[in-house]
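Undergrad: This is the structure, below, for whatever I ask next.
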Amino acid sequence: MLEFLKQPWPWYIAGPLIGLTVPALLILGNKPLGVSSSLRHICASCIPSGIQFFKYDWKKEKWNLFFVFGIFLGGIISVQFLSNPEAVRVNPKLVKELASYGITDYSNMVPGDIINWHSLWTLKGFFLMIVGGFLVGFGTRYAGGCTSGHAIMGLSNLQFPSLIATTCFMIGGFTMANLILPYILLH
Amino acid sequence: MEQPESIQEKSFADNWYNYIKYLFVGILFGIILVKSEVISWFRIQEMFRLQAFHMYGVIGSAVVVGIVSVWLIKKFNIKTIDGQPIKIAPKTFNKGQIFGGLIFGFGWAITGACPGPLFAQIGTGATVVIVTLVSAILGTWVYGYFREKLPH
């Protein structure tokens, strides 16, 4: 059983389990699945700065902070007890393309060749980590949700705005990954 | 004077019980994200190049299970474990879903992570992702600061 759990989980196991998080949170306490709101709660609790958007009772949303701290712990547990030594196996076409940017290390969830402490102050590293992170935080809040809040929770509840948001997530991602990011990775 | 104190203590205990269950669901959610490799930067690149079905399978089947679950909850009027009726706030459309959605899409392709995976990636030992997370928090703050001036 443990050996089975250590293998990468196929989509038809992982996907339905992610889907079950929706009823689990609803039944446990009427909570809608969502992760990006935690970033707003962190702002509201630590750096509200008198901004109207951060003036609300974030303590009522504390569950969300426990939830994301759990995600962090889940990452630790996966690596400590459920990790498999093999590198992630992706499409050979991608391997070839990434090799041309000098990305060859598949041992981690992020490419260690370009996303590491050392490269943080290079232009490429700055773009990948700081600009990228900023866009994630700014964009999800502007859109009112992320992949979990809109694509999973919103679509589960058949919300049309969530379909628009999800479509835009994908358009943005396709544009960046195919038209802009390759240019940046080359430099 | 004693009574209010004990009430307070009781609600404190209730709180802890209430929060631990979300921590537990978060842990499971995090393990699923890692083991299905959806938090892998490489898998995200593959998805946006249409080079694999994996991510579409994960998100698609998650949505199908979510739709069926929510439908069952509504159909059978399923209550929470505390006996409360389940209510899901509807989303209202605004232009933020378009502009913000596109901006988040850019960030998703660059970092290979949405907010959930950021927390999981840090847990897997990619400590530098803490910088990405702090930057995401800053991005959220800047959105809050300029919110009134942005088209919605």
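The values are calculated or read from the model by the stated rules, or taken from the named source; none is laboratory data. All values reported here derive from a predicted model rather than from experimental measurement. As a convention, Cβ positions derive from the backbone with ideal geometry for all residues, glycine included, and neighbour counts pool all protein chains shown.
Undergrad: Which residue, of A:LYS62, A:LYS93, A:LYS55, A:LYS124, is at the interface with chain B (Cβ under 7 Å from one of its Cβ atoms), under 24 Å from B:GLY139 (Cβ atoms) and either over 20 Å from the mean Cα position of the chain (by Cα) or at pLDDT below 95 (or both)?
TA: Details: A:LYS93 fails: under 24 Å from B:GLY139 (Cβ atoms); A:LYS55 fails: at the interface with chain B (Cβ under 7 Å from one of its Cβ atoms); A:LYS124 fails: at the interface with chain B (Cβ under 7 Å from one of its Cβ atoms).
Only one candidate qualifies: A:LYS62.
Undergrad: Which number in (1) more than 7 Å from chain A (Cβ to nearest Cβ); (2) in contact with a Ser or Thr (Cβ under 9 Å, 6 or more places away or on another chain) marks the one condition that B:GLU148 misses?
TA: (2)
Undergrad: Given (1) at the interface with chain A (Cβ under 7 Å from one of its Cβ atoms); (2) on the phi < 0 side of the Ramachandran plot, where does B:GLY112 come up short, assuming only one miss?
TA: Condition not satisfied by B:GLY112: (2).
Undergrad: Between residues in the range B:116-141 that are closer than 18 Å to A:GLY139 by Cα and residues that are at pLDDT 95 or above and of a type in the set (D, E, K, R), which pairs lie under 7 Å by C-beta distance while being six or more apart or on different chains?
TA: Listed pairs, sorted by first residue: B:THR140/A:ARG40; B:THR140/A:ARG141.
Undergrad: Scan the range B:79-94 and report the pairs whose first residue is more than 7 Å from every other protein chain (Cβ to nearest Cβ) and whose second residue is small (Gly, Ala, Ser) and part of a loop (DSSP other than H, G, I, E, B), with Cβ atoms within less than 8 Å and a gap of 6+ or a chain change.
TA: B:ASN94/A:GLY144
Undergrad: Follow-up question, since we're still on this one. Just to be sure I understand the filter: pairs with C-beta atoms under 6 Å, separated by 6 or more residues or on different chains, first member in the range A:1-25 and buried (at least 20 other Cβ atoms within 10 Å of the Cβ), second member not acidic (Asp, Glu) and not in a helix (DSSP H, G or I). Which pairs pass?
TA: A:TRP9/B:SER36; A:ALA14/B:SER36; A:THR21/A:LEU33; A:VAL22/A:LEU33; A:LEU25/A:LYS31; A:LEU25/A:LEU33
Undergrad: Could you check, for the range A:159-170, whether at least one of its residues is outside any helix (DSSP H, G or I) and aliphatic (A, V, I, L, M)?
TA: No, that holds for no residue.
Undergrad: I'm checking my understanding of the structure. Among residues of the range A:32-52 that are more than 26 Å from B:SER40 (Cα to Cα) and facing chain B (nearest Cβ under 7 Å), which one is nearest to the chain's Cα centre (by Cα)?
TA: Looking at residues that are more than 26 Å from B:SER40 (Cα to Cα) and facing chain B (nearest Cβ under 7 Å), I get A:CYS43.
Undergrad: Taking into account only those residues within the range B:40-69 that are outside any helix (DSSP H, G or I) and at the interface with another protein chain (Cβ under 7 Å from one of its Cβ atoms), which is nearest to A:VAL110 (Cα to Cα)?
TA: B:SER40
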